[in-house]
Ligand SMILES: NC(=O)c1ccc[n+]([C@@H]2O[C@H](COP(=O)([O-])OP(=O)(O)OC[C@H]3O[C@@H](n4cnc5c(N)ncnc54)[C@H](OP(=O)(O)O)[C@@H]3O)[C@@H](O)[C@H]2O)c1
């Protein structure tokens, strides 16, 4: 049986948990060979073994994507070991919320280094390979999928630098889309609302409770709900580019 992504290779950053992990499963099920990158190697190896056990191919790559050299190395290793690169899902991210006044600025550095610099450096390193893939693949296109957030559209008190990074992801994705449109590298921006993952585990005490209170009673999305949308976007015919997908839980208002 042929599946839409047969013959393709996808690199997914932040694939040791949450949305990235679910996306690796979803793209592998569509036939892509997947390179899964993050810092927690054991989690990646477990995921790769699971995907391998289902008859697909997965490569675990330990990489701190906030480090430019490691981000470049993750792209290089994907191409060296899996042969090409058709799809990059820039998913690795941290959300360290709290008021601007008195904020520990190392949290800002972490968000800017990963959510922004990690994403742009991974994209930069991947582009030559994506351009070749768009030229020579049966699909006739390649994909950059950037994971932003509702926070990339709506700013709120207590979320300033996270908002800054996710608005930045949206701006970068649109420039990229325009630059590469004629060469058939698609740029898709995904903007999830609340998804049940480990993301809020990293919040400071006090801030964590405020975030959970704001979303109390809302049935959050599952990581696989976002992975489904990503798989849908990258399996469209080459002439169809889903530029931007905003997905909130039905009960989430803001
Ligand atoms: N959950 C939500 O409600 C929600 C909503 C909107 C947008 N998002 C976005 O979705 C993306 C994925 O988040 P998630 O919700 O799935 O949370 P998650 O479960 O915490 O996943 C984050 C992933 O990023 C990886 N990561 C963190 N720091 C890294 C680094 N320096 N280098 C490489 N990988 C790193 C983590 O793995 P390691 O720790 O092993 O490195 C993990 O695999 C993020 O960009 C987030 O902003 C999430």
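The values are calculated or read from the model by the stated rules, or taken from the named source; none is laboratory data. None of the values given here were measured: they were computed from a predicted structure. Methodologically, a virtual Cβ is constructed for each residue, glycine included, from the backbone with ideal geometry; neighbour enumeration extends over all protein chains shown.
Using the structure shown, decide if residue 97 is part of a loop (DSSP other than H, G, I, E, B), buried (at least 20 other Cβ atoms within 10 Å of the Cβ) and more than 16 Å from the ligand (Cβ to nearest atom). Judged against the criteria, residue 97 is not a match.
With respect to residue 51, determine if the residue is farther than 19 Å from residue 139 by Cα, away from the ligand (no atom under 12 Å from the Cβ) and modelled with pLDDT of 95 or more. When the stated conditions are applied, residue 51 passes them.
Restricting attention to segment 185-213, which residues are in contact with a strand residue (DSSP E or B) (Cβ under 6 Å, 6 or more places away or on another chain) and either under 21 Å from residue 166 (Cα atoms) or within 15 Å of the ligand (Cβ to nearest atom) (or both)? Scanning segment 185-213 gives 186, 187, 188, 189, 190, 191, 192, 195. Just checking, does segment 232-239 include any residue being crowded, with 17+ Cβ neighbours inside 10 Å, touching a strand residue (DSSP E or B) at 6+ places or on another chain (Cβ under 9 Å) and over 23 Å from residue 105 (Cα atoms)? Checking segment 232-239: at least one residue is crowded, with 17+ Cβ neighbours inside 10 Å, touching a strand residue (DSSP E or B) at 6+ places or on another chain (Cβ under 9 Å) and over 23 Å from residue 105 (Cα atoms). Of the residues making up segment 30-42, those that are free of Cβ contacts under 8 Å to residues at least 40 places away in the same chain and either under 14 Å from residue 57 (Cβ atoms) or more than 6 Å from the ligand (Cβ to nearest atom) (or both) number 5.
If only residues of segment 60-79 that are in contact (Cβ under 8 Å) with a residue 40 or more places away in the chain, part of a helix (DSSP H, G or I) and near the ligand (Cβ under 10 Å from one of its atoms) are counted, the one that is surrounded by the most Cβ atoms within 10 Å (Cβ to Cβ) is 71. Filtering segment 111-149 to residues that are surrounded by fewer than 18 Cβ atoms within 10 Å (Cβ to Cβ) and closer than 27 Å to residue 252 by Cβ leaves only 112. Scan segment 68-98 residue by residue and report those that are out of contact with any helix residue (DSSP H, G or I) (no Cβ under 8 Å at 6 or more places or on another chain) and farther than 16 Å from residue 24 by Cβ. Those that are out of contact with any helix residue (DSSP H, G or I) (no Cβ under 8 Å at 6 or more places or on another chain) and farther than 16 Å from residue 24 by Cβ: 69, 70, 73, 80, 83. Considered as a group, the residues in segment 136-151 that are without any contact (Cβ under 8 Å) to a residue 60 or more places away in the chain and under 14 Å from the mean Cα position of the chain (by Cα) include one that is nearest to the ligand (Cβ to nearest atom), and that residue is 149. If the condition is being under 24 Å from residue 224 (Cβ atoms) and in a loop (DSSP other than H, G, I, E, B), then segment 155-201 contributes 193, 194, 196, 197, 198. Taken as a whole, the condition of being part of a helix (DSSP H, G or I) and either in contact (Cβ under 8 Å) with a residue 40 or more places away in the chain or more than 13 Å from the ligand (Cβ to nearest atom) (or both) does not apply to residue 216. One residue stands out in segment 80-94 among those that are within 14 Å of the chain's Cα centre (by Cα) and not in a loop (DSSP other than H, G, I, E, B): the one that is surrounded by the most Cβ atoms within 10 Å (Cβ to Cβ), namely 89. Taking the criterion of being more than 14 Å from the ligand (Cβ to nearest atom) and either assigned to a strand (DSSP E or B) or out of contact with any strand residue (DSSP E or B) (no Cβ under 9 Å at 6 or more places or on another chain) (or both), the residues of segment 8-29 that qualify are 9, 10, 29.
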